[in-house]
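Values quoted throughout were computed directly from the atomic coordinates according to the rules given, and no laboratory measurement underlies them. In this text, all values refer to a predicted model and were calculated from it rather than measured experimentally. Here the Cβ positions follow ideal geometry from the backbone for every residue, glycine too, while neighbour counts run over all protein chains shown.
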Amino acid sequence: MPNAKIVGIGHYVPDTVYTNDDLAKHMDTSDEWITERTGIKERRYAKKHEETTTTLAANAARNACKDAGIEVEDIDFIVFATLSPDYYFPGSGVLLQRELGITKTEIGALDIRNQCSGFVYGISVADQFIKSGMYKNILLVGAEMHSMGLDYSTKGRGVTVIFGDGAGAVILQPTDDPDQGILTTHLHSDGTHAEHLAMINPGSHGGYHLGKEQFGYEENDKPGDVFITQKMYEEGLYPNMTGQLVFKTAIKKFPEVINEALNATNLNVENIDLLIPHQANLRISQFVQKTLRLPDEKVFSNIQKYGNTTAASIPIAMSEAYQAGKLEKGKLLCIAAFGSGFTWGSALIRL
Ligand code: COA
């Protein structure tokens, strides 16, 4: 059975830099608060009406293809992870296929909706398809255009300051070398806290899972008749998050799932050459680093520049680490993520 190997990595971030001070012009926040709580100094925002999640993804995909030395026509399957798709449906996979001009071969396109864990889930899916011999050139993309769905008033500050736009992509191919490529992947979920890091509209829930008190439904709201509620029209669309619950659960699950991958491969923390955690919050990454006792040079962070780009954060970080010469052949890369769902996962990759 072949292993799946990463043969190309690329990323794309929009040009527009939005600093913490820029955000403070719209909401009651400060550079000091954001930096202290999250480590984020700035993020990128895509050009509204000119760029979309799919166009960001296409730029990253072209860069990954170039790095892999293949043409977009060589791709035989697309896996697209995002929580901010261009449309509610169809998913962004088919839009990326169209954007890249892969129309003749009618390859399959799969959308992954696992938010911050989306790329890790995608790696696992791609790995299985390659191991089974079904595909030979999989394009896996994580891309987000959060800037279109955030609340820039003070009410939204707890969420808005964290997120940014961007895209990252990898190309996976089979290898017969058993010591190279994706060595192991581990995926988990726990729906207990699903609404605590969520955007619940548009959806078919009709208030079914939700306590009125908790999520502020008023008597006159009539969710459920249609996907879009009256409340949504009145108050705009924005995600909600119980930040402290997310934080506490994340710092527990990250080390757990990384250790799970190490145990499955009989490897130790010392064997990891580089850990790329999902860039959720610098403090979360620092906690994980401390728990695992990893030195600074073995943990990659770029959240200071981009904020949390959800499904795009790991591949963007991989691409930057690669460009910085940190992902040479033979190195052991660990990627791990935790996010909405809650879902979390890890992978160990021998480059
Ligand atoms: N600027 C200024 N003040 C803010 C603010 C902002 N952007 N956001 C929230 N506040 C205020 C709150 O209103 C609250 O004020 P109060 O005490 O008067 O009520 C105070 O700051 C503390 O809020 P709290 O939510 O308790 O802050 P916190 O220390 O938990 O930090 C997060 C908030 C979001 C940074 C933190 O909980 C976190 O990082 N959680 C994990 C989030 C994450 O990683 N999400 C992605 C998962 S993939």
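In terms of other Cβ atoms within 10 Å, 47, 326 run from fewest to most in the order 47, 326.
Note on the chain: with a GNM built from Cα contacts shorter than 10 Å, the maximum mean-square fluctuation among 103, 52, 82 falls on 103. As a length-normalised measure over Cα pairs under 8 Å and 6 or more apart, the relative contact order of the range 3-175 settles at 36 percent. Our coupling estimate for the range 264-269, obtained by passing each phi through the Karplus curve with A = 6.51, B = -1.76, C = 1.60 and θ = phi - 60°, is 5, 10, 6, 10, 10, 3 Hz, Gly and Pro reported as x.
Placing +1 on the Cβ of every Lys and Arg and -1 on the Cβ of every Asp and Glu, with nothing else charged, gives the chain a dipole about its Cα centre of roughly 560 debye. Sites count as exposed loop sites when they are chymotrypsin sites (Phe, Trp or Tyr not before Pro), lie in a DSSP loop, and have at most 10 other Cβ atoms within 10 angstrom; the longest stretch of the chain without one is 209-351.
Loop-located trypsin sites (Lys or Arg not before Pro) in the range 1-42 (DSSP state not H, G, I, E or B) with no more than 11 neighbouring Cβ atoms inside 10 Å: 25. Separation of the alpha carbons by more than 25 angstrom is noted, of 5/298; 41/290; 25/155; 253/329, for 253/329. If R0 equals 35 Å, the separation of the Cβ atoms of residue 179 and residue 304 corresponds to a calculated FRET efficiency of about 0.55. Where only DSSP H runs of four or more residues are counted, the chain gives -9500 deg cm²/dmol as its mean residue ellipticity at 222 nm, each run worth -39500 (n - 2.57). The relative contact order of the range 250-351, computed from alpha carbon pairs under 8 Å that lie at least 6 residues apart in sequence, is 37 percent.
Here residue 89 and residue 136 are evaluated by their C-beta separation; at R0 = 22 Å the FRET efficiency comes out at 0.15.
Translational diffusion coefficient of the chain (Stokes-Einstein, Kirkwood radius from Cα pairs, 37 °C, 0.692 mPa s): 161 µm²/s.
Once you mark the GluC sites (Glu not before Pro) that are in a DSSP loop and have at most 10 other Cβ atoms within 10 Å, what is the longest gap between them in the chain? Counting at most 10 other Cβ atoms within 10 Å as exposed, the longest clean stretch of the chain is 107-217.
The label-point distance for residue 153 and residue 242, in a model that sets each label 7 Å from Cα toward Cβ, rounds to 2.5 nm.
Diffusion coefficient (Stokes-Einstein, Kirkwood radius over C-alpha pairs, 20 °C, 1.002 mPa s) for the range 3-175: 128 µm²/s, rounded to a whole number. Exposure proxy shown here: for 105, 38, 54, the number of other Cβ atoms within 10 Å sets the order, fewest to most, as 105, 38, 54. Each of 241, 318 was scored by other Cβ atoms within 10 Å of its Cβ. Listed from fewest to most, they are 241, 318.
The local environment of residue 21, defined by Cβ-Cβ distances under 11 Å, has a net charge of -2 under the rule Lys, Arg +1 and Asp, Glu -1.
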